[in-house]
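Derivation of every value follows stated rules applied to the coordinates shown; laboratory data play no part. For clarity, every value in this text was computed on a predicted model and none was experimentally measured. Methodologically, a virtual Cβ is constructed for each residue, glycine included, from the backbone with ideal geometry; neighbour enumeration extends over all protein chains shown.
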Amino acid sequence: MKVMITTRGDFVSPRFDLSPEVLIATYYDQELLEEPRSIIVSDVSAETICDLALKENVAMVICGGIEEQHYQFLTWKKITVIDSVIGPYTEVLQLAMNNTLKSGIILPGATSKEVAS
Amino acid sequence: MKPESKLHISPVFSELLNAIPHGIAYLDTNLCVVVMNRFLEIMTGYSTAEARGIYSEFIFRSNLGNKNQMSREVLDRGEAVSVDGNIINRQRKKIPIHFTLSCLHDEQGQPAGFLIVLEDISVLKSVESKHQGLAEETGILGHSPQMAKVFELMSVLARTDASVLITGETGTGKDMIAEALHESSQRARQPFIKVNCGALPEALLESELFGHVKGAFTGAVTETVGMFRLAHKGTIFLTEIGDLSLPLQVKLLSVLDDQEFFPVGGSKKVKVDVRIIAATHCSLRQEVQQGRFREDLFYRLNVLHLHMPPLRERDGDIRLLLDHFLRHFSGKLGRGITAFTKKAIDVLGRYRYPGNVRELRNIAEYSANICQGKKVGTKDLPQYLFQAAEESSAKAPVIVVPPMVSLSREQAQPMAKMDGGWTGIEKEMIVDALRKTGGNRSKAADLLGWGRTTLWRKLKKYKMA
């Protein structure tokens, strides 16, 4: 399966429409088929990223906050969208490969331990 | 115990935050969420329990720059900042927000935390966009507070079906406003009929408005439906309503009251469903006082009143309109003219535009045609602008010019501006000509290029005889 994760730094980008980068990964049977590649988005907008997802022919988009219209567009294009994901993209990708990633998941990487405790 | 922890456990603090009708979050110095009020929980879709300890940017998902850039600047500088932006919440809804970011300090003056207030401004934005949309659709430009009021009133007037009276000086855009009101009303799909009441003689106008039957008068070989019936279910726009004759005013009043009338020469009543928008450049109230306009019709038309401000009273709109029309004509002529020079703008800014937007549009068209370069300079502007400017700077009172000073006709023209408009100019020309000819009317008429009768008529008209 080919997935696209909208990223910023080491994390899933908080907003789909403001993601400066996307990560494209292809896996099969919980194994990466190739080294994930990063694409820098030239003209940052939700439309550009939607176009990119279609161009790359991904089956799943993993992102943070996304507007309803773009969510509907992607699902209409038969792309599974897992949104409101908070956490480092490596762990997110691992969960996606294990088929345990859910919308709205919050992973520990984005938490300040000091306050949480 | 850290101050944020103290606050976090204090139920009074939480209750205090909940009492405020805006989204409020208290963050620690790492910009992680400590506590959010109920309002913000609903706004973002995250509960405090879920969000606690998480970097706020992942919870709020705002557009205030990467990695809480703005919040970090506020923390560094210690000064509160207010800024407009938006968030995308968990329900995938983009909400326009007015953010207020402020840094909290401890007893030693060290940053102890961070308070962020999120005010939902979606209602405000929707009203703004409605106004802007209306302005863009109709092609009426204006950013001045005076025009903002007009746009605001227009959106209200468009929703009603009552008669509207539009007043304003010539060239202020009364026709455009009327059309815009029709286009944004429920009658938008129906016809919009414009009738100029000053353009036709009374007999013709009656037939034009109400139609006539075959044989109603000599030459009425066919039946005519008239503008009122053409505008059935739509809007009829009566411009220059002040020029309507008194008998027609009576008939119009009865149409307004009963929504029915007899066509000229007809014996069968015709029922129509028409919204009336009337416009005039003169003061109808004054016309009523002078007995030239029926009081009852005035009150019937003046249900909703919209006054178009003259261009000289619209702060900042002159520049906006100049740029707009210059772009328009430059594009149309394929000239590539980009702007006005500073000197040209100074001259244009000082001018009073008695012809309002229509005159400004003509100035821009003239400049776009004359200008040979990339920028419109003072030499590309109509000459009368400079005469007016000189006049206003000289501030010479027209009436007290001593008799021995002899002025040529060309010089006399700009002097007359005080009285306003052509009337003043004409008066001054007459005074000047009479002065030059020592009061000889025949010679003065020759000098002006008029007949003696014309001069006599004008003297009478201006009460100078």
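Worth pointing out:
- Charge dipole (region A:2-116, unit charges on Cβ, about Cα centre) - positive-most of A:P36, A:T100, A:T90: A:T100
- Tally of Lys pairs whose C-alpha atoms are under 24 Å apart, taken over region A:2-116, 8 or more apart or cross-chain: 9
- Rg over Rh, two decimals, region B:3-120 (C-alpha only, Kirkwood Rh): 0.93
- Two-decimal Rg/Rh across chain B, once Rg and the Kirkwood Rh are taken from alpha-carbon atoms: 1.14
- Exceeding the 27 Å Cα-Cα cut-off - candidates B:K436/B:K458; B:K194/B:K460; B:K233/B:K269; B:K194/B:K271; B:K174/B:K251; B:K194/B:K461: B:K194/B:K460; B:K194/B:K461
- Cleavage-rule hits, trypsin sites (Lys or Arg not before Pro), region B:137-221, DSSP coil, Cβ neighbours within 10 Å at most 11: B:R189, B:K214
- Alpha carbon centroid spacing (whole Å) that separates region B:234-264 from region A:4-23: 65
- Net dipole in debye of region B:127-308 [+1 Lys, Arg Cβ; -1 Asp, Glu Cβ; about Cα centre; nearest 20]: 440
- Projecting the Cα positions of B:Q91, B:A364, B:Y299 onto the charge dipole of chain B (unit charges on Cβ atoms of Lys, Arg, Asp and Glu, taken about the Cα centre) puts B:A364 furthest along the positive direction.
- Other residues within the sphere of radius under 11 Å centred on the Cβ of B:L297, judged by their own Cβ, net out at -1 (K and R +1, D and E -1).
- Region B:171-206 and region B:275-323: distance between their alpha carbon centers, rounded to Å: 14
- Across chain A, the longest run free of exposed loop sites, meaning trypsin sites (Lys or Arg not before Pro) lying outside DSSP classes H, G, I, E and B with no more than 15 other Cβ atoms within 10 Å, spans A:1-76.
- Region B:314-390 - charge dipole about Cα centre, Lys and Arg +1 at Cβ, Asp and Glu -1, debye rounded to 20: 220
- Enclosing the Cα atoms of region B:102-248 in their convex hull gives a volume equal to 160 cubic angstrom per residue.
- Region B:4-111: relative contact order as a whole-number percent, Cα under 8 Å and 6+ apart: 18
- Exposed GluC sites (Glu not before Pro) absent: longest stretch of chain B, with sites in DSSP loops and at most 14 other Cβ within 10 Å deemed exposed: B:108-465
- The reciprocal of the average 1/r between distinct C-alpha atoms defines the Kirkwood hydrodynamic radius, which for the protein assembly as shown equals 30.7 Å.
- Assuming charge only on the beta carbon of Lys and Arg (+1) and of Asp and Glu (-1), the dipole of region B:272-328 about its Cα centre is about 80 debye to the nearest 20.
- Scanning residues 5 or more positions from B:V35 or on other chains, those with amide H under 5 Å from its amide H are B:Y26, with H placed 1.01 Å from N in the peptide plane.
- Debye-sum result for region A:2-116 in log10 I(q)/I(0), which assumes one identical scatterer on each alpha carbon, at q = 0.09, 0.13, 0.16, 0.21 Å⁻¹: -0.21, -0.44, -0.66, -1.15
- Spatial separation of Cα centroids for region A:41-112 and region B:49-70, in angstrom: 18
- Over chain A, dividing the summed -39,500 (n - 2.57) contributions of all DSSP H runs of at least 4 residues by the number of residues returns a 222 nm mean residue ellipticity of -7500 deg cm²/dmol.
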